[in-house]
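The values are calculated or read from the model by the stated rules, or taken from the named source; none is laboratory data. What you are looking at is a predicted structure, and each value in this text was computed from that prediction instead of being measured. Cβ: placed from backbone, ideal geometry, glycine included. Neighbour counts: every protein chain shown. With ligands, DNA and RNA removed, areas are computed over all heavy atoms of the protein, side chains included. Shrake-Rupley method; radii C 1.70, N 1.55, O 1.52, S 1.80 Å.
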Amino acid sequence: MRHLGALGFLLFWMLAASGIYLYLRFDTSATGAYPSIGELEWWFGGVLRSVHRYAADAFVVVALLHLLRESWLGRFRGWRAFTWISGVPLVWLLYASGLIGYWLVWDTRSQFSFLATLEWLGLAAGAGEAPDRLFSLFVFLHIGLPLALLAGMWVHVQRLGWPKTVPPRSLAWGFIFMLLALAALRPAVSEPRWDPGRAPQNVAVDWFYQFIHPLMYGTSSAFLWVLVLGISALLLVLPYLSRREVVAAQVYPANCNGCGRCVADCPYQAIILSENDKASVFAERCAACGICAGACPSSTPFRSIRELVSGIELPDLTIRELREQVGSALASGARELVFSCQTKANPGVITLRCLAMLPPAFVEYALRNGAARVKALGCEGECAYRLGMQLCEARFAGLREPHLRATVHAQRKNNEYSFVLH
């Protein structure tokens, strides 16, 4: 479920690859379209056609599950509003691309879908065979709309740091083999050829894409318009119906050296380097996760100044306050110090917004000032701020700045880290 977005990208590229071959074999005329599809060899062209069909259906399922999951988790508020709103048009582009793709087959399913769409739009269908120019328009739209969909998918991930557009290899191959097996076991076939003199009486619709036609005939065109526009409007205004205020990270230029670590680690592209090579925060994009503070080289408790101020930090949970909490715990004689993200908050635990807010230097600081062991607890499964556990793993393993010194031994078990001095 965490990889639904990446699976959507995979399915798009599968559709594009199979679609290119089908287009090369396709006769883009009203009279030649239907027989050109029937002439596809079963062992290659037929399999690709079936994969194209089932990948399109899977794309709908994955996209809707992705939308439902993100809404269930509340990922439409505040800093996620742009990503959410930019995703709404993608659903309609996906459906429009699929519907027009069916019209290209030029069978009775195409006839039913095309005439039902015209009726929904309040347009009259002409009598007789469709002209080649209309069919050329279908071809143009079936190429142009997916390209617009791809552009929209690119915009959709622009405010995400390290967007995950490639699923894990095992999951990707599993999807590919599943679609190939489905194509072999149940090949996609055409309905009887389009008959302009007779309306189709019994059509096997694709319920993933064409459910709107039976719904319209079961209700009315007006009801379908209200449903589509109403759902679209609700999705677009949802981020503004439940706004969540956060205190954005703040930059202190005197302590910022322009290293760019906070820029590279921000999960939501909320930080840039300004013209004077100092970090600058877009408050409306900031999630107040504190990952930027954990990345800043000035966020070290070993600094001797009394008023510790980092180059970038959260005004309502500063690095100085974090050092004071550590100092208080050590002064009380604690032999084990535990840091956790806010999802693991418990009494006696030093709580951070995200575990990646913890500068690695704090681990060594606690161990050198009386603690026999330090533990760090992060999110189980998917990080609440996307990149927290991934960044912690790289920092604690010495693969990303700021990192632990070699004198500190780190051990991980699931979402829990343990640290001791060598």
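Seen through its C-alpha gyration tensor, with square-root eigenvalues sorted a ≥ b ≥ c, region 291-422 comes out rounded because a/c lies under 1.5. Running Debye on the chain with equal point scatterers at the Cα sites and no solvent, what base-10 log of I(q)/I(0) appears at q = 0.06, 0.07, 0.08, 0.13 Å⁻¹? Scattering profile of the chain, log10 relative to I(0): -0.37, -0.48, -0.59, -1.07.
Packing order of peptides 230-240, 26-36, highest average first: 26-36, 230-240 (average count of other Cβ atoms within 10 Å over each peptide's residues).
Among residues other than GLU336 whose Cβ falls under 10 Å from its Cβ, what is the net charge (Lys/Arg +1, Asp/Glu -1)? Surrounding charge for GLU336 is +3. Across region 203-339, Cα-Cα pairs farther apart than 25 Å form 52% of the total. Rounded to the nearest 20, the Cβ-based charge dipole of the chain about its Cα centre (Lys and Arg +1, Asp and Glu -1) stands at 1420 debye. Sparsely packed loop sites in region 312-349 (the trypsin sites (Lys or Arg not before Pro) outside DSSP H, G, I, E and B with at most 12 other Cβ atoms within 10 Å) comprise ARG335. Per-peptide packing, taken as the mean over residues of other Cβ atoms within 10 Å, places 44-51, 353-360 in the sequence 353-360, 44-51 from highest down. The simple spin-label model puts a point 7 Å past each Cα toward its Cβ; for TYR252 and ALA264 those points are separated by 2.3 nm. At q = 0.17, 0.18 Å⁻¹, what is the log10 ratio I(q)/I(0) for region 1-131, with the Debye formula run over Cα points and no solvent? The calculated log intensity ratios at q = 0.17, 0.18 Å⁻¹ are -0.99, -1.05. In terms of the mean number of neighbouring beta-carbon atoms within 10 Å, the peptides 97-105, 166-174, 270-278, 365-373 order highest first as 97-105, 365-373, 270-278, 166-174.
Rolling a 1.4 angstrom probe over the chain with all protein chains present gives an accessible area of which 61% lies on carbon and sulfur atoms. Normalised by the number of residues in the chain, the average gap of Cα pairs under 8 Å and 6 or more apart makes the relative contact order 13 percent.
Bridging of LYS413 to lysines at a Cα separation below 16 Å is possible for LYS344, LYS375, once same-chain residues fewer than 8 apart are set aside. Counting only DSSP beta bridges with both residues in the chain, the antiparallel share comes to about 70 percent. For the chain, the longest principal axis of the Cα atoms and the long axis of helix 45-72 meet at an angle of about 50 degrees. In region 349-422, with Lys and Arg counted as +1 and Asp and Glu as -1 at Cβ, which of these residues, HIS409, ALA356, LEU421, has the Cα nearest the positive end of the dipole, that is, farthest along it? My answer, from the dipole projection, is LEU421.
Summed over the residues of region 1-110 and divided among them, the accessible surface reaches 42 Å² per residue at a probe radius of 1.4 Å. Accessible surface computed residue by residue for region 210-342, with neighbouring protein chains in place and a 1.4 Å probe, gives 49 Å² per residue. Computed extension gain for ARG243 through ALA199, at 0.36 nm per residue and net of the alpha carbon distance, reaches 10.8 nm. Normalised by the number of residues in region 263-316, the average gap of Cα pairs under 8 Å and 6 or more apart makes the relative contact order 28 percent.
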